[in-house]
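Take a look at the structure set out below.
The values are calculated or read from the model by the stated rules, or taken from the named source; none is laboratory data. Predicted, not measured: the structure shown is a model, and the values here were computed from it. Cβ placement follows ideal geometry from the backbone for every residue including glycine, while neighbour counts extend to all protein chains displayed. Just the protein is used for accessible areas: all its heavy atoms, side chains included, with ligands, DNA and RNA removed. Shrake-Rupley method; radii C 1.70, N 1.55, O 1.52, S 1.80 Å.
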Amino acid sequence: MSKGSLRNVAFLMLIGMFFGFSSFEVCSARQAKHYRTQHKPSFRRQMAARQQGRGSGTFNVLDYGAKGDGTTDDTKAFEAAWAAACKQAASTVMVPSGSVFLVGPISFSGPNCQPKIVFQLDGKIIAATSSGAWGSGLLQWIEFTKLQGITVRGKGTIDGQGSVWWNDSPTFDPTAEDSTTNDSVTGANQVFNHVWQISSELKGKMPSTRPTALRFYGSNGVTVTGITIQNSPQTHLKFDTCTSVQVSDFSASSPGNSPNTDGIHLQNSQDVVISSTTLACGDDCVSIQTGCSNVYINNVNCGPGHGISIGGLGKDNSKACVSNVTVRDVSMHNTLTGVRIKTWQGGSGAVQQVMFSNIQVSEVETPIMIDQFYCDKGSCKNQSSAVAVSGINYVNIKGTYTVKPVHFACSDSLPCSGVSLSTIELKSVQEKHPLGGPFCWETYGELKTATEPPINCLESGKPSKSGTQSSFESC
């Protein structure tokens with residue numbers, strides 16, 4: 001072959017290779033463009049989420065390895081972000097919106113952390129639903145302990161996925177109607193409960209000890225605002241041995257028949273303000289236990305649930321002290337009780353200086369209750385000692401009841417004293433067939449105005465039996 005022919009062949013081969021590479025690049029570019037188009041939304045969300053965590057003193061859990069896909073265990077990433085934030089005063093742990101974080105049992109602990117840390121919750125945190133994640137059982141899922149100036153805030157949600165725990169309870173019926181939901185939500189809940197029931201059967205029975213969703217312990221200057229806690233295995237939000245607590249714009253939500261799912265639980269805590277809060281649960285909307293004083297609750301919507309309760313106090317012959325509690329501007333719908341004080345026989349100590357005012361009730365079984373014979377089991381032994389109850393004031397309580405308007409059952413040996421009622425207007429939901437009337441036993445106090453219905457069973461003056469003053473002094 002001549003040199004000219006060789007040159008022509010080589011030239012043609014170069015042209016072919018050029019067009020081949022060009023086609024490959026065009027095809028590859030198209031594929032890359034198609035790939036980017038498919039994944040651009042999630043990429044943008046992830047970048048936006050990371051931008052939420054930019055800035056000095058902000059620690060985004062995504063930057064510490066969290067996936068936020070709802071299936072990967074992100075516990076270690078949360079621990080790492082907290083460990084970094086803990087070293088810097090006024091820092092922020094960022095849980096960004098647009099992601100769902102699966103987190104196991106976790107403790108955000110002091111006391112060596114710097115003060116005024118903010119936990120910014122804008123995304124969603126969900127609990128593990130496999131029994132293996134909980135060992136033999138834990139008392140809490142997420143806890144903050146021994147901190148100064150801790151704030152949990154945001155528009156996010158903590159979901160305890162409690163139905164896998166409730167399904168083991170004989171009192172829980174996942175198909176029961178929930179008056180707090182509309183038809184579409186009820187349908188979704190039924191599917192949800194069915195799916196999780198199957199899931200729990202596959203993953204093994206959950207431990208008998210059910211955890212509180214969010215607990216604060218031994219902390220001062222605690223703020224919780226804006227967030228929602230739903231479907232907790234047990235209590236939604238608990239404060240134990242805390243001071244200067246503020247809760248606002250908070251929501252707790254679980255079915256009315258979910259067992260022991262208190263909305264907010266207080267014990268051994270002082271200087272507490274709870275306001276602008278919506279609580280729907282299967283137990284007390286707010287439960288105030290021993291060691292609490294200077295508690296102010298206002299502008300709360302409660303229901304379903306068991307109302308707002310002080311107690312039960314004095315269980316197992318223990319001493320209990322509660323004082324300076326104000327509950328006002330509260331609405332309750334479809335609850336077991338309205339405002340209640342409950343104590344066990346055999347206890348000691350005192351409940352004193354309590355004000356319940358501006359309470360609106362709708363279809364509440366018993367709106368006003370003091371029960372010094374409280375017993376949450378079949379039968380309890382009769383005992384003479386009791387937690388003293390005195391200085392209890394009821395003002396402007398109105399609405400409808402379904403069982404009994406007032407129930408005062410006080411101790412034979414330590415009667416209730418200083419009980420006052422003013423502007424009480426409670427009507428039976430069955431006006432043509434009235435239900436039970438007021439009941440009083442060993443209850444001393446004063447009617448400051450006429451009441452509807454008339455509460456003629458209240459005894460005037462002070463009880464002649466001794467022991468009341470010594471009980472108050474013991475606190």
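Applying the condition of being assigned to a loop (DSSP other than H, G, I, E, B) and small (Gly, Ala, Ser) to region 52-77 and asking which residue is surrounded by the fewest Cβ atoms within 10 Å (Cβ to Cβ) yields Ser56. Among the numbered conditions (1) out of contact with any Leu (no Cβ under 7 Å at 6 or more places or on another chain); (2) assigned to a strand (DSSP E or B), the only one that Ser379 does not meet is (2).
The set of residues from region 394-419 being open to solvent by less than 40 Å² (accessible area, probe 1.4 Å) and within 21 Å of Met332 (Cβ to Cβ) comprises Tyr394, Ile397, Gly399, Tyr401, Pro405, Val406, His407, Phe408, Ala409, Val419. Per this entry, Ser362 is not counted among residues that are crowded, with 19+ Cβ neighbours inside 10 Å and either in contact with an Asp or Glu (Cβ under 8 Å, 6 or more places away or on another chain) or not basic (Lys, Arg) (or both).
From the list Lys381, Lys377, Lys448, pick out the single residue that is touching a strand residue (DSSP E or B) at 6+ places or on another chain (Cβ under 9 Å), open to solvent by 30 Å² or more (accessible area, probe 1.4 Å) and basic (Lys, Arg).
Numbers: Lys381 fails: touching a strand residue (DSSP E or B) at 6+ places or on another chain (Cβ under 9 Å); Lys377 fails: touching a strand residue (DSSP E or B) at 6+ places or on another chain (Cβ under 9 Å).
Criteria check complete, one pass: Lys448.
Here is a check on your reading of the model: is Ala80 without any contact (Cβ under 8 Å) to a residue 40 or more places away in the chain and part of a loop (DSSP other than H, G, I, E, B)? It is false that Ala80 is without any contact (Cβ under 8 Å) to a residue 40 or more places away in the chain and part of a loop (DSSP other than H, G, I, E, B).
Here Pro174 meets the list (1) modelled with pLDDT under 95; (2) crowded, with 24+ Cβ neighbours inside 10 Å almost entirely, failing just condition (2).
Would region 186-207 turn up any residue that is modelled with pLDDT of 90 or more and touching a Gly at 6+ places or on another chain (Cβ under 7 Å)? Yes, that holds for at least one residue. Set side by side, the residues Thr235, Thr228, Thr243, Thr223 differ, and just one is buried (at least 24 other Cβ atoms within 10 Å of the Cβ) and of a type in the set (S, T, N, Q), which is Thr235.
Considering every residue within region 237-258, establish whether at least one is closer than 22 Å to Cys285 by Cβ, assigned to a loop (DSSP other than H, G, I, E, B) and hydrophobic (A, V, I, L, M, F, W, C). Looking for residues that are closer than 22 Å to Cys285 by Cβ, assigned to a loop (DSSP other than H, G, I, E, B) and hydrophobic (A, V, I, L, M, F, W, C), one finds at least one in region 237-258, hence yes. Every test in (1) closer than 21 Å to Gly307 by Cα; (2) of a type in the set (D, E, K, R); (3) loosely packed, with under 14 Cβ neighbours inside 10 Å is passed by Lys462 save one, and that test is (1).
Please verify whether region 365-373 includes one or more residues that are within 23 Å of Glu425 (Cβ to Cβ) and assigned to a loop (DSSP other than H, G, I, E, B).
Yes - at least one qualifying residue is present in region 365-373.
Mind checking which residues of region 141-164 are at negative phi and polar (S, T, N, Q)? Passing the criteria: Thr145, Gln148, Thr151, Thr157, Ser163. Evaluate the following for Ile150: is it modelled with pLDDT of 95 or more and either touching a Pro at 6+ places or on another chain (Cβ under 7 Å) or farther than 24 Å from Met206 by Cα (or both)? Yes: the conditions hold for Ile150. For region 290-336, a tally of residues being in a loop (DSSP other than H, G, I, E, B), under 19 Å from Lys238 (Cα atoms) and open to solvent by 30 Å² or more (accessible area, probe 1.4 Å) returns 2.
Per the listing Lys124, Lys116, the residue uniquely crowded, with 17+ Cβ neighbours inside 10 Å, of a type in the set (Lys, Arg) and within 24 Å of the chain's Cα centre (by Cα) is Lys124.
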